[in-house]
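J.: Could you have a look at this structure, given as structure tokens, before my questions?
The values are calculated or read from the model by the stated rules, or taken from the named source; none is laboratory data. Treat the numbers as computed from the prediction; the structure is a model and nothing was measured. Positions of Cβ are backbone-derived with ideal geometry, glycine not excepted, and every protein chain shown enters the neighbour counts. Areas reflect the complete protein model, heavy atoms only, side chains present, ligands, DNA and RNA absent. Shrake-Rupley method; radii C 1.70, N 1.55, O 1.52, S 1.80 Å.
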Amino acid sequence: MKTRFILFVFILSISVRYVTAQQFSNAKIEMLSFEEYIGYVKKHHPLIKQSELTLSIGEANLLRARGGFDPKIEADYNRKKFKNTEYYDLLNATFKIPTWYGVEFKANFEENTGVFLNEDLTVPDGGLYSAGVSFSLAQGLLINERMASLKKARHFKRQTKAERDLLVNNLLYDASKAYFNWLEASNEQNIYSSFLENASVRLTAIKRSVEVGEKPKIDITEARIILNNRELNYEAALLKRKKAALEVSNYLWVNNIPLELEENVFPEMPEKEVLEKVLELEGITNVNALLDTHPKLLSLDAKIDGLAVDKSLKLNKLLPKIDLQYNFLSQEYNQLNTFNTANYKAFVNFSLPLFLRKERGDLKLSKLKIKDANFDRVSTALNLSNKIEAVNTEIESLVTQSSLVKTIVKDYTALVSAEERKFSLGESSLFLINSREQKLIDAQLKENEIIIKQLIATANLYNTLGIAI
């Protein structure tokens, strides 16, 4: 009788596994690898395209600052006529070329007529031409608003590049975590699925055994409780996987259209080499050396450089303002020898605040901003260094934990197999088998958790290093 019972359980177990495998085959399960998934994110996610706008902002800001050095044409025309009397008719056209060190070259044409024309506006018939230069001797010579704006725009472009890299880095890190959580939930579902099959086979066998009088009827109740608990755990794992799949769907786009994962799509466990290749961690031996090129620190460096430019401008404001302008005058623009020192127009402007309180206050504020930014950089560099060390320590610890938990799973598997053999011989009970299986389930779930922690720790290292893909 016991031999028939063992054979029945064996055949039923094979039948259940065959039906399950056939169901999987009919479902046409498709695997979405981590490499393929990240490829979709990098190519199609809207935030990747938005990050390119950040670079465009920096380039547009630089273009605007360069506009301060563009040549300029100006023309003023003013006329008054009343009761057939032309009071004045004034035309002033200017062409200016600004240069780097506060020097501006200027060519001018002036033609003024009228009955009531001011004497200082009187020019020869045919107009008056002038060519000259204007510049600042003290304030504005070595640095001025135009120069400062262009320098700060260049630093701002570097800052936007670093911020773009950070945005992409954080996006891919979040996408990786979502994938690994999906993988953990899928593995958890598979674990509960296999033990649900065992509980179902066992209940059927117990019912058959009760029918032939080999087992007490109360064993059916115990087996059914075990099966219902397994089904409850399986449903919870199934819900967890579906929620994780929806989270992954947030990162899947094609042509600005969001995608949703189908029920038959499952994640694939990435190999260590593949994971490091996708996250560009291959060949990195000294991670601390990467700190100098970390986007956060590069962004802070660009910010500090911009503040230094602002400080130089504020320091220059302490100098007196001395603006000079000298223009050669001539009636004939096409004869260069007529432009000489005998005919000229000059201008000098001098100003200096007596106490310079506004200028000194602005300078002090700019120095404080630089100190604050430097403190921020030192603190950020230390935090990144400590975080890198912590992540590396975590990775090393998880390798040890993974080795230990694999041994535990192997031993629990042996115990469950031994208990099942004893049960088939009538030397054990459902309670003991369930107890052994529960320990094995817990161990497999722990193994799954540690494996996912290893994957997330690797992604965390990528995120901490600020690698831009």
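J.: Please give the peptides 207-219, 105-117 ranked by average Cβ packing (other Cβ atoms within 10 Å per residue), highest first, as a rough proxy for protection. If you can, show how the numbers build up before the last one.
T.: On the way: 207-219: 14.2, 105-117: 15.8.
With the highest mean Cβ count within 10 Å placed first, the list reads 105-117, 207-219.
J.: How are the Cα pair distances of the stretch 106-195 distributed, in percent, across 5 Å bins from 0?
T.: Spelled out per bin, shortest first, that is 3, 9, 8, 7, 7, 6, 7, 7, 6, 5, 5, 5, 4, 4, 4, 3, 3, 3, 2, 2, 1, 0.
J.: Relative contact order (percent) for the stretch 49-145, with alpha-carbon contacts under 8 angstrom and 6 or more residues of separation?
T.: 21
J.: Within the P(r) computed for the chain, what percentage of the Cα pairs occupies the region above 34 Å?
T.: Values: 68398 of 109746 pairs.
Of all Cα-Cα distances in the chain, 62 percent exceed 34 Å.
J.: For the pair N337 and D120, what calculated FRET efficiency results from E = 1/(1 + (r/R0)^6), where r is the Cβ-Cβ distance and R0 = 25 Å, to the nearest 0.05?
T.: Efficiency, from the Cβ-Cβ distance: 0.40.
J.: Moving to a separate point now. Please report the carbon-and-sulfur percent of the accessible area for the chain; probe 1.4 Å, protein heavy atoms only, DNA, RNA and ligands left out.
T.: Its accessible area is 56 percent carbon and sulfur atoms.
J.: Another question, if that's okay. Counting Lys and Arg as +1 and Asp and Glu as -1, what is the net charge of the other residues whose Cβ lies under 12 Å from the Cβ of I143? Numbers along the way, then the final one.
T.: Numbers: positive: R146, K151, K152, K311, K314, K317; negative: E145, D310.
Counting the neighbours of I143, the net charge comes to +4.
J.: Can I ask one more? When only C-alpha pairs under 8 Å and at least 6 residues apart count, what is the relative contact order of the stretch 232-374, in percent?
T.: Result for the stretch 232-374 is 19 percent.
J.: Here is a follow-up. Once the Cα gyration tensor of the stretch 413-457 is found, what semi-axes does its equivalent ellipsoid get, as square roots of 5 times the eigenvalues, in whole Å, sorted largest first?
T.: Value: 30, 8, 4 Å, ordered largest first.
J.: Going by the alpha-carbon gyration tensor, a ≥ b ≥ c the square roots of its eigenvalues, is the stretch 362-469 rounded (a/c under 1.5) or, if a/c is not under 1.5, prolate (a/b greater than b/c) versus oblate?
T.: prolate
J.: Could you compute Rg(Cα) / (2.2 N^0.38 Å) for the stretch 212-341, with N its residue count?
T.: 2.70
J.: Go through 345-354, 176-185, 448-457 and give me the packing order, highest mean Cβ count within 10 Å leading.
T.: Peptide ranking by packing, descending: 176-185, 448-457, 345-354.
J.: Share of Cα-Cα pairs in the stretch 171-248 beyond 14 Å, in percent?
T.: Cα-Cα pairs of the stretch 171-248 separated by over 14 Å account for 66 percent.
J.: Can you compute the FRET efficiency between R79 and L365 using 1/(1 + (r/R0)^6), with r the Cβ-Cβ distance and R0 = 56 Å? Round to the nearest 0.05. Working shown, then result.
T.: Values: r = 49 Å, r/R0 = 0.87.
Once rounded, the FRET efficiency stands at 0.70.
J.: Could you give me D for the stretch 252-302, from Stokes-Einstein at 4 °C and 1.567 mPa s, where the hydrodynamic radius is the Kirkwood radius over C-alpha pairs? Units µm² s⁻¹, please. Walk me through the intermediate numbers first.
T.: Numbers: Rh = 14.9 Å.
Result for D is 87 µm²/s.
J.: Starting from the Cα gyration tensor of the stretch 202-288, take the square roots of the eigenvalues, sort them a ≥ b ≥ c, and report rounded, prolate or oblate (rounded when a/c is under 1.5, otherwise prolate if a/b is larger than b/c, else oblate). Show your work: numbers first, answer last.
T.: Working: a/c = 4.45, a/b = 2.31, b/c = 1.93.
Prolate is the answer for the stretch 202-288, as a/c is 1.5 or above and a/b outweighs b/c.
J.: Given the Cα-Cα distance of A236 and S33 and 0.36 nm per residue of separation, how much length would full extension add, in nm?
T.: Numbers: separation 203, 0.36 × 203 = 73.08 nm, distance 2.45 nm.
Once the chain is fully extended between A236 and S33, it gains 70.6 nm.
J.: Greater than 21 Å separation of Cα atoms is the criterion. Which listed pairs, K406/K446; K151/K358; K49/K243; K317/K345; K215/K422, meet it?
T.: Beyond 21 Å between Cα atoms: K151/K358; K49/K243; K317/K345.
J.: Still on this structure: For N61, what is the net charge nearby, where nearby means another residue's Cβ is under 11 Å from its Cβ and Lys, Arg count +1, Asp, Glu -1?
T.: With Lys, Arg at +1 and Asp, Glu at -1, the neighbours total +4.
J.: From Cα pairs below 8 angstrom and at least 6 apart in sequence, can you work out the relative contact order of the chain, rounded to a whole percent? Working shown, then result.
T.: Details: 626 pairs, mean separation 99.0, N = 469.
Across the chain, relative contact order equals 21 percent.
J.: Moving on to the next point. Given a 1.4 Å probe, how much area per residue of the chain is accessible, in Å²?
T.: For the chain, the per-residue accessible area is 59 Å².
J.: Another question, then. Where in the stretch 223-248 is the amide nitrogen less than 15 Å from a point lying 7 Å along the Cα-to-Cβ axis of E262?
T.: none
J.: So what is the 222 nm mean residue ellipticity for the chain from helices alone, if each DSSP H run of at least 4 adds -39500 (n - 2.57) and you divide by all residues, rounding to the nearest 500 deg cm²/dmol? Mind dumping the intermediate values first?
T.: Working: 9 runs with 290 residues, N = 469.
After summing the helix terms and dividing by residue count, I get -22500 deg cm²/dmol.
J.: Label the stretch 23-157 by shape, choosing from rounded, prolate and oblate, from the square roots a ≥ b ≥ c of the eigenvalues of the Cα gyration tensor; if a/c is under 1.5 it is rounded, and otherwise prolate applies when a/b is larger than b/c, oblate when it is not.
T.: On the way: a/c = 6.67, a/b = 2.90, b/c = 2.30.
Here the stretch 23-157 falls in the prolate category.
J.: Would you calculate the separation in nanometres between label points at V103 and L354, each defined as 7 Å from the Cα along the Cα-to-beta-carbon direction?
T.: The modelled label-to-label distance comes out at 3.7 nm.
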